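To start, the structure under review is shown below, and the notes come after it.
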Amino acid sequence: MEKILVIDDNKLIRKTLREILSKVGYTIIEAGDGETGLQLVRSEHPELVITDYQMPGISGLEVLSEIRKLKVVIPVLLLTSFGHVVLTIKAIQLGAFDFLEKPVDPSLLKSTVQLALNSVKVSNSLNAVPHEDTSSESMPEDNIMVSRSPRMKEIFKNIGRISMNKVNVLIEGETGTGKELIARLIHFSGTTSDKPLVVVNCSALTETLLESELFGHVKGSFTDSIRDKKGKFELAGEGSIFLDEISEISLNTQVKLLRVIQELEFERVGGEATIPMKARIIAATNRSLEKLIEQGKFREDLYYRLKVFTINLPPLRERKEDIRDLVNHFMYKLDKQYNKNVIKVGDGVIEMLQQHDWHGNVRELKNTILQAIIMSKNDVLEKENITINVRIHDNHADDSEMSELLSLADMEKNHIRHVLDVVKWNKLDASRILNITRPTLNAKIEKYNLVQ
């Protein structure tokens, strides 16, 4: 059986822990202080360490810190007589598997030890995820897009063609598909790679502010304009300007933007001097501009000026073969960003992620992986640390469409049936998830004529 090192200056506590864990079959070795404990870690190579927090000499936190420096996979459980919030947080930050208060409940101790040892077995059975170094001097790693799907490969090929020419590009795709990342790929892949890339979120600004942001203004042109200001077109120079959510600009601003594209010049708000426009325009939208044209909300002539070349980004649910590579990519990036070391993927994780439709697309997947990495207790991305938001949908319709298609009763019926199917008709689990009693669940099953 596994060898467990117990470090505590209290002999009675060491004896109690030894008796509890020996009965389960573990081999127990002991140390009365942190220095001796660290020596035993190096000489005896225990599979798990249980250490008191407060001891003469070095503390349990220092023991934990030193073990982590050894670069070995040894789970550490900290014990304390003080349920202090700061200590708990610090222990987890340093990589403790768990933090238990004295007196330790025997059942909790045994289950926690088993979980910790199992996590090591899982880790040892898995290989670290591969990471392809795609960064280069001309393409910063933050601008790399990961995909192997045929549709995305065609998009990458087209980016290779259009990036060598400063044609205007319209990027269409759902929220979270990576439209800004595509814009960065276009900018940094070709003739504009050493020029400025200026990003404008059109939906975040009022009409007046947007004009000032795009074209700049002169001193005194409106209240609080106390000095001249360059606009985004001027700042972009001979580079690129990325107009995100282009569908949100007003018809009045659309007219002015159309003139800039046609004449390749503009004036600052309140100014008379003409400034040449040399930047390439990359616009993006998550709405159908053609439908907006039919509704009289977007100018057709501007639409065709913007879409000299169009890129249609597929949603993640249509390229699920990319999920494995995306998970590996996000793990590598987020580990570095958040000082974690989650380098392996547990059994069934990818398959579970591929079953989800990801209405928030790649952005939702990234946030899900981030949450799981933060919650991980070891170096493995495991299913129990992953939280996926499930929502009812009908052919991927949005919420407003769903409210028109389904009554409240139908939505409740579908949701109850979905939960029952997920838990394989375990009514106890289903009632807990739905936060209703078993009799209420049975009544609803009968009401909606639900059958397994």
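The values are calculated or read from the model by the stated rules, or taken from the named source; none is laboratory data. From a predicted model like this one, the values you see are computed outputs, not experimental measurements. Virtual Cβ from ideal backbone geometry, glycine too; neighbours counted across all protein chains shown. With ligands, DNA and RNA removed, areas are computed over all heavy atoms of the protein, side chains included. Shrake-Rupley method; radii C 1.70, N 1.55, O 1.52, S 1.80 Å.
Please work out which one of (1) at pLDDT 85 or above; (2) in a loop (DSSP other than H, G, I, E, B) is the condition K153 fails and give its number.
Single failed check for K153: (2).
Please find, within region 29-40, the residue that is farthest from the chain's Cα centre (by Cα) out of those that are among the aliphatic types (A, V, I, L, M) and open to solvent by 30 Å² or more (accessible area, probe 1.4 Å).
Of the residues in region 29-40, the ones among the aliphatic types (A, V, I, L, M) are 29, 31, 38, 40.
Retained after the next criterion (residues that are open to solvent by 30 Å² or more (accessible area, probe 1.4 Å)): 29, 40.
Working: I29: 42, L40: 40 Å.
Among those that are among the aliphatic types (A, V, I, L, M) and open to solvent by 30 Å² or more (accessible area, probe 1.4 Å), it is I29.
Identify the single condition in (1) part of a helix (DSSP H, G or I); (2) closer than 30 Å to I246 by Cα that R324 does not satisfy, given that it satisfies every other one.
(2)
Which of the numbered conditions does A284 fail, given that it passes all the others? Conditions: (1) surrounded by fewer than 18 Cβ atoms within 10 Å (Cβ to Cβ); (2) aliphatic (A, V, I, L, M); (3) within 24 Å of L185 (Cβ to Cβ).
(1)
Hey, I373 hits all of (1) buried (at least 18 other Cβ atoms within 10 Å of the Cβ); (2) under 12 Å from the mean Cα position of the chain (by Cα); (3) more than 22 Å from I92 (Cβ to Cβ) but one; which does it fall short on?
If we test I373 against (1) buried (at least 18 other Cβ atoms within 10 Å of the Cβ); (2) under 12 Å from the mean Cα position of the chain (by Cα); (3) more than 22 Å from I92 (Cβ to Cβ), just (3) comes out false.
From the set of residues in region 17-28 that are free of Cβ contacts under 8 Å to residues at least 12 places away in the same chain and not in a loop (DSSP other than H, G, I, E, B), which is farthest from the chain's Cα centre (by Cα)? Talk me through it step by step, then tell me what you get.
Of all residues in region 17-28, those free of Cβ contacts under 8 Å to residues at least 12 places away in the same chain come to 19, 22-23.
Of the ones still in play, those that are also not in a loop (DSSP other than H, G, I, E, B) are 19, 22.
Details: E19: 44, S22: 42 Å.
Checking each candidate, the answer is E19.
Which residue pairs have Cβ atoms closer than 8 Å, lie 6 or more positions apart in sequence or on different chains, and pair a first residue in region 200-211 that is within 19 Å of L181 (Cα to Cα) with a second residue that is open to solvent by 70 Å² or more (accessible area, probe 1.4 Å) and in a helix (DSSP H, G or I)?
Sorted first by the residue in region 200-211, then by its partner, the pairs are C202/E248; S203/E248.
Looking at (1) touching a helix residue (DSSP H, G or I) at 6+ places or on another chain (Cβ under 8 Å); (2) surrounded by fewer than 18 Cβ atoms within 10 Å (Cβ to Cβ), which is the one condition that is false for V76?
V76 satisfies every listed condition except (2).
Residue under question is E265, and the condition is that it be out of contact with any Asp or Glu (no Cβ under 8 Å at 6 or more places or on another chain) and surrounded by fewer than 16 Cβ atoms within 10 Å (Cβ to Cβ); does it hold?
yes
K336 passes all but one of (1) under 22 Å from I388 (Cβ atoms); (2) part of a helix (DSSP H, G or I); which number fails?
Condition (1) is where K336 drops out.
Counting only residues that are under 35 Å from the mean Cα position of the chain (by Cα) and among the small types (G, A, S), which one in region 256-291 is farthest from G239 (Cα to Cα)? Let's see the steps before the verdict.
First, the residues of region 256-291 that are under 35 Å from the mean Cα position of the chain (by Cα): 257, 279-291.
If we keep only those that are among the small types (G, A, S) as well, we get 279, 283-284, 288.
Working: A279: 5, A283: 14, A284: 17, S288: 27 Å.
It comes out as S288.
Restricting the search to region 91-105, which residues are open to solvent by less than 60 Å² (accessible area, probe 1.4 Å) and more than 21 Å from S59 (Cβ to Cβ)?
Within region 91-105, none qualify.
Among the residues of region 117-143 satisfying the criterion of being at pLDDT below 70 and β-branched (V, I, T), which is surrounded by the fewest Cβ atoms within 10 Å (Cβ to Cβ)?
Going through the qualifying residues, I end up with T134.
Mind telling me which of the residues L292, L302, L243, L257 ends up being modelled with pLDDT of 90 or more, open to solvent by less than 60 Å² (accessible area, probe 1.4 Å) and not in a helix (DSSP H, G or I)?
L243
Can you confirm whether L38 is outside any loop (DSSP other than H, G, I, E, B) and touching a helix residue (DSSP H, G or I) at 6+ places or on another chain (Cβ under 6 Å)? Let's see the steps before the verdict.
On the way: outside any loop (DSSP other than H, G, I, E, B): yes; touching a helix residue (DSSP H, G or I) at 6+ places or on another chain (Cβ under 6 Å): yes.
When the stated conditions are applied, L38 passes them.
Just one of the numbered conditions (1) acidic (D, E); (2) open to solvent by 10 Å² or more (accessible area, probe 1.4 Å); (3) in contact (Cβ under 8 Å) with a residue 60 or more places away in the chain is not true of D8; which one?
It fails just one condition, (2).
How many residues does region 316-345 hold that are of a type outside the set (S, T, Y) and open to solvent by 10 Å² or more (accessible area, probe 1.4 Å)?
Residues that pass the stated criteria total 19.
Results for (1) of a type in the set (A, V, I, L, M, F, W, C); (2) in contact with a Leu (Cβ under 8 Å, 6 or more places away or on another chain); (3) in contact (Cβ under 8 Å) with a residue 12 or more places away in the chain, shown as yes or no for each residue.
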| residue | (1), (2), (3) |
| --- | --- |
| E47 | no, yes, yes |
| E62 | no, no, yes |
| T80 | no, yes, yes |
| T88 | no, no, no |
| P106 | no, no, yes |
| V122 | yes, no, yes |
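Go through region 41-58 and give me each residue that's surrounded by fewer than 18 Cβ atoms within 10 Å (Cβ to Cβ) and either under 19 Å from T80 (Cα atoms) or over 37 Å from the mean Cα position of the chain (by Cα) (or both). Write out each step before concluding.
Filtering region 41-58 down to residues surrounded by fewer than 18 Cβ atoms within 10 Å (Cβ to Cβ) leaves 42-45, 54, 56-58.
Within region 41-58, R42, S43, E44, Q54, P56, G57, I58 qualify.
Which members of region 205-236 meet the condition of being in contact with a strand residue (DSSP E or B) (Cβ under 9 Å, 6 or more places away or on another chain) and within 23 Å of L170 (Cβ to Cβ)?
Passing the criteria: L210, E211, E213, L214, F215, G231, K232, F233, E234, L235, A236.
Checking the structure you have, find out if any residue of region 60-79 is over 29 Å from L381 (Cα atoms) and part of a loop (DSSP other than H, G, I, E, B).
Taking region 60-79 and keeping what is over 29 Å from L381 (Cα atoms), we get none.
There is no residue in region 60-79 that is over 29 Å from L381 (Cα atoms) and part of a loop (DSSP other than H, G, I, E, B).
Conditions first: (1) within 23 Å of R148 (Cβ to Cβ); (2) within 14 Å of the chain's Cα centre (by Cα). L313 passes all but one, so which condition is the exception?
(2)
For residues that are open to solvent by 70 Å² or more (accessible area, probe 1.4 Å) and among the acidic types (D, E), tally how many sit in region 181-230.
Final tally of qualifying residues: 4.
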